[in-house]
Amino acid sequence: MTALVEARGLVKHYPIRSGLFGREAGRVHAVDGVSLRVEKGETYALVGESGCGKSTTGRLLLKLEEPTAGEVLLDGKRVKRLRGKDNSGFRRRVQAVFQDPFSSLNPRLDVATIVEEGMLIHGLYQRPGERRERAAELLSLVGLSPDSLSRYPHEFSGGQRQRIGLARALSTGPEFIVADEAVSALDVSIQAQIINLLEELRDRLGLAYLFIAHDLAVVRHLSHRVGVMYLGVLVEEGPAEEVFTQPLHPYTEALLSAIPDPDPKAGRKRIILAGDVPRPDHPPPGCRFHTRCPRSRPACREGEPAVVKPSANRMVRCHFLVN
């Protein structure tokens, strides 16, 4: 079965320039060999520490950046080869909701112009007044009054601005939305509202999401499948409930142990990782997690772990599966 969006061996390295002539002195390994699939109507969550490559992966899927190697496919078609109308169709079908609702909206434009911009670019709803009617419908869909069309971003709260950003993303009728830390800048009570809205829109419109986040409690509520990234590499993947209840990789175990427990008497053991995340321009040899892993062995330093599939829907990169 063809996935809606698929990444195959995505690699993104950024050159480090130095000296008078800007010669390449090294490379930042932002993403190294990431492969994933997002099905129609599915929420795929990508989690990990800051700097692990989550957002870069999202930008590669959006075609905002070109990969150093690997490829992105939409409905089985290579995105890199799309030209003209096909490329415009890709832009219409794939949209984004960004992290900061205070900087992702142009303060000089009113809400109507912001929401209608995508429709204008793609030539949608061309009859007089039709775009304005559609913009009003979209605002109602995301829980805002159509009267907001004549107002400006500074007149809204953070949660309301994120709703406007979501209405803008929906204006072209997309099938796939990359939500990059879309709720992390909001208050907890507002986060819950936006998460419920994302879930409602997914089910109502048949959307697929790549949901990039570091809040694992949010991820568990919203996602169908989870991919865990560490230092540019996807180290574990599987159905959300299985990953949360039976983590296979030591790094996933450590992340899950950091989730606040509402019952302090439960006695859940917190796993404290030693040291800092290695520099992405000098990733360690072998398993990239071995410098902090409490179960590290000599084999972990000697060779990169192969992809292991303990079941049809689980994947892990680890020399020693966690029991």
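No value in this document is a laboratory result; all are computed from the given coordinates. No experiment lies behind these values; they were computed from the predicted model shown. Note that each Cβ is placed from the backbone with ideal geometry, even for glycine, and that neighbours are counted across all protein chains shown.
Coupling constants for region 177-191 follow from the phi torsions by the Karplus curve (6.51 cos²θ - 1.76 cosθ + 1.60, θ = phi - 60°), and in residue order they are 10, 8, 9, 8, 6, 5, 10, 5, 8, 9, 4, 4, 5, 6, 3 Hz; glycine and proline get x. Given a Förster radius of 30 Å and the C-beta distance between R279 and S35 as r, what FRET efficiency does 1/(1 + (r/R0)^6) yield to the nearest 0.05? After rounding, the FRET efficiency stands at 0.80.
Taking 17 Å as the cut-off, the amide N atoms of region 132-146 that come nearer than this to a point 7 Å along the Cα-to-beta-carbon line of L109 belong to 132-139.
Placing R0 at 22 angstrom, the Cβ-Cβ distance between S311 and A69 gives a FRET efficiency of 0.15 after rounding to 0.05. Positive end of the dipole of region 5-317 (Cβ unit charges, origin at the Cα centre): among H122, H290, L222, the Cα lying farthest that way belongs to H290. The dipole here belongs to region 199-265: it is taken about the Cα centre, uses +1 on the Cβ of Lys and Arg and -1 on the Cβ of Asp and Glu, and is about 120 debye.
Scaled against the 2.2 N^0.38 Å expected of a compact globular protein of N residues, the Cα radius of gyration of region 186-323 reads 1.17. Along the charge dipole of the chain, which of T2, S157, T252 sits closest to the positive end, that is, farthest toward it, with unit charges on the beta carbon of Lys, Arg, Asp and Glu (+1, +1, -1, -1)? Value computed over the given set: T2.
Name the residue farthest towards the positive end of the dipole of region 5-317 from the options L273, S50, G84, assuming +1 on Cβ of Lys and Arg, -1 on Cβ of Asp and Glu, about the Cα centre. Checked the options; the winner is G84.
Give, as ranges by residue number, the residues of region 44-60 whose backbone N falls under 17 Å from the point 7 Å along Cα→Cβ of I271. The answer is 47-50, whose backbone nitrogens lie closer than 17 Å to the label point. In a simple Cβ point-charge model (Lys, Arg +1; Asp, Glu -1; nothing else charged), the chain has a dipole of about 880 debye relative to its Cα centre. For the chain, modelled as a GNM whose springs connect Cα atoms under 10 angstrom apart, the maximal fluctuation among S311, S296, S145 occurs at S311. Counting neighbouring beta carbons within 10 Å and listing from fewest to most, the residues F156, F320 come out as F320, F156.
When the chain is treated as a GNM with alpha-carbon contacts under 10 Å, the residue of K85, K54, K40 showing the greatest mean-square fluctuation is K85. Each peptide among 160-167, 245-252 gets the average number of other Cβ atoms lying within 10 Å of its residues, and from highest to lowest they stand as 160-167, 245-252.
The calculated FRET efficiency for H154 paired with R23, based on their beta-carbon distance and R0 = 35 Å, is about 0.20. Dividing the mean sequence gap of close Cα pairs (under 8 Å, 6+ apart) by how many residues region 5-317 holds gives a relative contact order of 21 percent.
Taking all Cα pairs closer than 8 Å and separated by 6 or more residues, the relative contact order of region 222-323 comes to 29 percent.
Taking label points 7 Å from Cα along the Cα-to-Cβ direction, R78 and T2 give a separation of 1.5 nm.
Residues whose amide H falls under 5 Å from that of V235, counting only those 5 or more places apart or on a different chain, are V228, M229, Y230, with hydrogens built in the peptide plane. Over the C-alpha trace of the chain, radius of gyration and Dmax come out as 21.0, 69 angstrom. Sequence-ordered 3J(HN,Hα) estimates for region 105-119 from the Karplus curve with 6.51, -1.76 and 1.60 and θ = phi - 60° stand at 10, 5, x, 8, 9, 6, 4, 4, 5, 4, 6, 7, 4, x, 5 Hz, glycine and proline given as x.
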